[in-house]
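Structure first, then comments.
The values are calculated or read from the model by the stated rules, or taken from the named source; none is laboratory data. Nothing here was measured: the structure is a model prediction, and the numbers come from that model. In this analysis, Cβ positions are derived from the backbone assuming ideal geometry, glycine residues included, and neighbour counts consider all displayed protein chains. Only protein heavy atoms, including side chains, enter the accessible area calculation; ligands, DNA and RNA are left aside. Shrake-Rupley method; radii C 1.70, N 1.55, O 1.52, S 1.80 Å.
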Protein chains: 2
Amino acid sequence: MKKIINDPLDVEQEMIDGFILADSKRLKKLGDQNIIIRQKLNPNKVALITGGGSGHEPAHIGYIGFGMLDAVIVGSIFTSPPPKMIFDAINAVKTDKGVLCIVKNYSGDVMSFEMAIEMARSKGIKVDKVIVKDDIVNQISEIGGRGVAGTVLVHKIAGAMAETGADLKSVKEIAERTINHVRTMGMAVSPCIIPASGLPSFELANSEIEIGIGIHGEPGIQREKFTTANEISKKMLDKILACLNYSKNEVVLMINGLGSTPLMELFIINKFVQNYLQKNDVEVYDTMIGNFMTSIEMAGFSLTLLKLDEELKKYYNSTADTFALKK
Amino acid sequence: MKKIINDPLDVEQEMIDGFILADSKRLKKLGDQNIIIRQKLNPNKVALITGGGSGHEPAHIGYIGFGMLDAVIVGSIFTSPPPKMIFDAINAVKTDKGVLCIVKNYSGDVMSFEMAIEMARSKGIKVDKVIVKDDIVNQISEIGGRGVAGTVLVHKIAGAMAETGADLKSVKEIAERTINHVRTMGMAVSPCIIPASGLPSFELANSEIEIGIGIHGEPGIQREKFTTANEISKKMLDKILACLNYSKNEVVLMINGLGSTPLMELFIINKFVQNYLQKNDVEVYDTMIGNFMTSIEMAGFSLTLLKLDEELKKYYNSTADTFALKK
């Protein structure tokens, strides 16, 4: 394990402290807990909250700020935060307009958020949730896919609408519309290493890749022979395009590095993806390339397509001023 | 070699094509050459040009746009572009106000740019250059250090002033002031792999790190025992702080990932760096953390400190609208 860290047991806390110090104009910590909130909360808007395990940097702390999130609850690496912490966050940023929790679809996260929301409602706080499930693999019957990189686009679009002073019902609706319009698939050429154990999350030969990985170090749905960027991208795109009718529609394309993927490779992937989408009559309105939702130092990438309509496009284009995303 | 690419010999071209497709609102290619220019050139400002080998993504293409660069000449991986290409770029973006070339201090780059500038001047084009040498190691007598991540801050500040319509002399002066005020040092825990050869640029045991590396895969000035993030950062900061009198001054701090460094590690490093700078009476005005100037998939980071004055701060804060940096 060749990580540039100090004590493996301190990585989350040092990361969180370092993140706040990097952006102390926008961020502050709520008391002693790993609840990060905006320096300047706006009492006249729906407050947006998300959370989950750490290890996905810059998600989600990096998306706190104007036009995106108000609070993030940060758990240990790949571990859901407890309900009481989520309740404290809801309580800290609540407004008369209400609070919307954006929850990634993992049983731990969903359970913690549901319990916290119940606690908050029993105190008379107006709060609701949406569940992001953009991953097209690992669809567990009616539970749907996991929440992965597409979550950032839910932050972006719901956050932009919340900033206009829209009511909770409308912000929830547009978040759900975004969720219904966004699909993601990921692959990895190498695993991540959980700091506390020092062990890789799976073993992969030099000739192999994992297709359909998530963002918690889990292996994919299929182990395949390592091939070219173009062949890998085509296989992933075909699966995404089969999920929704993207044809003759504008999309936001996100090519997301999973932690240690060189940017050069993401641009090479983009060349193929843009041409292939064009051949399939899908119009790329905007392209995001970078590390938006990572899995510590996993090498690999995910492809996300968000199908736009006029309203989603408007909020996608609205001003966002956060550490990790500016518009 | 487990790179997500197609033919190793096509990586530069596919990367460049993919980059332009990712940002076709801002970027276009000049003819068939790997000269990338702004879609909308402004004839009423000094044009800013840079260039060099590829492998440093998002540098430099990602810094083309309002408030930063007008043209970038992209060579093969880690290879200077030929003078004729640089001349063509100068000729394509020249304005009555003049052209300023921002050159990283490598003998190949400097020679190519000097020859191109001579060709341009012989055609009556008003053109000048500055040489960035922010790396505090590998100072070769009067030639000075290599140009590394601090170059991005030169793009930022000179680009912001150029946008105001300032004359060539003033833009050159502020670029040189930035160069005189910026210092960088880098380290690596693993090398990069040149695609064409498939070989690592150096061999490093699991217990070793390279201190004082550059951005072309070369080993550092010293091989040391792998230790903690804090000890590594302290050693690097002490060397940087010894170069300039940063005490009681505001600085921009850049913590730059070299290609495959997880963001989590950069934030952990930041925690120590912020505290250590405070102890040394250096006030961090702003912090940049991310992959700004990489070395393909090298794992490691560089630390950059830019000593601010009121004018540098003003231009640092000015609007920039590029793929890789927005202000």
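Can you list the residues, at least 5 places off or on another chain, whose amide H is less than 5 Å from the amide H of residue B:208, using H built in the peptide plane?
Long-range HN contacts for residue B:208: B:226.
Can you give the charge dipole size of the range A:9-180 about its Cα centre, rounded to the nearest 20 debye, using +1 on the beta carbon of Lys and Arg and -1 on the beta carbon of Asp and Glu?
With Lys and Arg at +1 and Asp and Glu at -1, about 620 debye.
Once the Cα atoms of the range A:239-306 are picked out, what are the Rg and Dmax in Å?
12.2, 36
To the nearest whole number, what is the average tally of beta carbon atoms from other chains within 10 Å of the beta carbons of peptide A:287-299?
Neighbouring Cβ atoms belonging to other protein chains average 4 per residue here.
Output the antiparallel fraction of DSSP beta bridges having both residues in chain B, as a percent to the nearest 5.
On the way: 32 of 57 bridges.
In chain B, approximately 55 percent of DSSP beta bridges are antiparallel ones.
As I understand it, the dipole of the protein assembly as shown uses +1 on the Cβ of Lys and Arg and -1 on the Cβ of Asp and Glu, about the Cα centre. Which of A:222, B:257, A:9 lies farthest toward its positive end?
The listed residue farthest towards the positive side: B:257.
Could you check the simple spin-label distance between residue A:44 and residue B:122, using points 7 Å along Cα→Cβ, in nm with one decimal?
For residue A:44 paired with residue B:122, the spin-label model returns 6.5 nm.
Report, as an integer, the average count of C-beta atoms from other chains found within 10 Å of each Cβ along B:270-281.
3
Enumerate the whole-percent occupancy of each 20 Å bin, from 0 to the last occupied one, for all C-alpha pair distances of chain B.
Percent of pairs per bin, in order: 34, 59, 7.
Roughly speaking, what is the stretch gain from residue B:169 to residue B:278, that is 0.36 nm per residue apart minus the C-alpha to C-alpha distance, in nm to one decimal?
35.7 nm
How much area per residue is accessible in the range B:183-327 when the probe is 1.4 Å and only protein heavy atoms are counted (Å²)? Working shown, then result.
On the way: 5030 Å² over 145 residues.
Normalised by residue count, the accessible surface of the range B:183-327 is 35 Å².
Residues with amide H under 5 Å of residue B:104's amide H, sequence separation 5 or more or different chain, H placed in the peptide plane at 1.01 Å from N; which?
B:51, B:132
If I model a spin label as a point 7 Å beyond the Cα along the Cα-Cβ vector, how far apart are those points for residue B:9 and residue A:285 in nm?
4.2 nm
Using a 1.4 Å probe and counting only protein heavy atoms, how much accessible surface gets buried when A and B come together, both sides summed, in Å² to the nearest 100?
Details: alone 13760 and 13750 Å², together 22760 Å².
Result for this pair: about 4800 Å² buried.
So what are the ³J(HN,Hα) numbers for the range A:291-297, from phi and the Karplus equation (6.51, -1.76, 1.60; θ = phi - 60°), rounded to whole Hz, Gly and Pro as x?
Karplus-based 3J(HN,Hα) across the range A:291-297 equals 9, 9, 8, 10, 10, 6, 10 Hz.
Starting from a label point 7 Å past Cα on the Cβ side, list the distances from residue B:25 to the same position in the other copies, nm, shortest first.
Here residue B:25 shows inter-copy label distances of 2.2 nm.
Short version: ³J(HN,Hα) in whole Hz for each residue of the range B:44-57, in order, from phi by Karplus 6.51 cos²θ - 1.76 cosθ + 1.60 (θ = phi - 60°), x for Gly and Pro, what are they?
Computed from phi, the couplings for the range B:44-57 are 9, 9, 5, 8, 10, 10, 9, x, x, x, 8, x, 10, 3 Hz.
What FRET efficiency do you get for residue A:222 and residue B:242 if R0 is 56 Å and r is their Cβ-Cβ distance, rounded to the nearest 0.05?
The calculated FRET efficiency here is 0.55.
Rounded to the nearest 500 deg cm²/dmol, what is the calculated helix-only ellipticity per residue at 222 nm for the protein assembly as shown, with -39500 (n - 2.57) per DSSP H run of length n ≥ 4?
The helix-only estimate for the protein assembly as shown comes to -10000 deg cm²/dmol at 222 nm.
How large is the Kirkwood hydrodynamic radius of the protein assembly as shown, in angstrom, based on all distinct alpha carbon pairs?
Evaluated over the protein assembly as shown, this radius sits at 24.9 Å.
Taking only the Cα atoms of the range B:9-180, how large is their convex hull per residue, in Å³?
In the range B:9-180, the Cα hull volume divided by residue count equals 103 Å³.
Counting only DSSP beta bridges with both residues in the range B:182-314, tell me the antiparallel percent, nearest 5.
On the way: 23 of 31 bridges.
Taking every DSSP beta bridge with both residues in the range B:182-314, the antiparallel ones total about 75 percent.
In vacuo Debye scattering of the range B:182-314, one point per C-alpha: log10 I(q)/I(0) at q = 0.09, 0.15 Å⁻¹?
These q points yield log10 I(q)/I(0) values of -0.26, -0.69.
Please give every one of the lysines within straight-line cross-link reach of residue A:239, meaning a C-alpha to C-alpha distance under 17 Å, and leave out same-chain neighbours fewer than 8 residues apart.
Result set, ordered by chain and number: A:133, A:279, A:307.
Determine the equivalent ellipsoid of the range A:66-140 by diagonalising the alpha-carbon gyration tensor, then write out the semi-axes as square roots of 5 times the eigenvalues, largest first, rounded to whole Å.
Each semi-axis is √(5λ); the values are 21, 14, 12 Å.
Can you list residues from other chains, or at least 5 along the same chain, whose modelled amide H is less than 5 Å from the amide H of residue B:260?
B:298, B:299, B:300
From the phi of every residue in the range B:2-18, what ³J(HN,Hα) in whole Hz does the Karplus formula 6.51 cos²θ - 1.76 cosθ + 1.60 yield, where θ is phi - 60° and glycine or proline is x?
Whole-Hz 3J(HN,Hα) from phi for the range B:2-18: 10, 9, 8, 9, 10, 6, x, 7, 9, 4, 4, 5, 5, 4, 5, 4, x.
Longer than 26 Å from Cα to Cα, which of B:28/B:97; A:40/A:129; B:28/B:94; B:156/B:248; A:28/A:313 are they? Say none if no pair is.
A:28/A:313
The range B:2-78 to the range A:188-215: how many Å between their Cα centroids?
Rounded to whole Å, the Cα centres lie 32 Å apart.
How much of the DSSP beta bridge set in the range A:9-180 is antiparallel, as a percent to the nearest 5? If you can, show how the numbers build up before the last one.
On the way: 7 of 23 bridges.
Counting DSSP beta bridges with both partners in the range A:9-180, the antiparallel share is about 30 percent.
One decimal, nm, shortest first: give the distances between the label point of residue A:122 and those of the same position in the other copies, each label point 7 Å from Cα along Cα→Cβ.
The answer, with the shortest distance listed first, is 8.5 nm.
For residue B:176, go 7 angstrom from Cα along the Cα-to-Cβ vector, then report the distances to that same point in the other copies in nm, smallest first.
Counterpart label points of residue B:176 in the remaining copies fall at 6.4 nm.
With the full set of protein chains in place, find how many percent of the accessible area of the range B:46-188 is carbon and sulfur; take the probe as 1.4 Å.
Answer for the range B:46-188 is 51 percent, counting heavy atoms of protein chains only.
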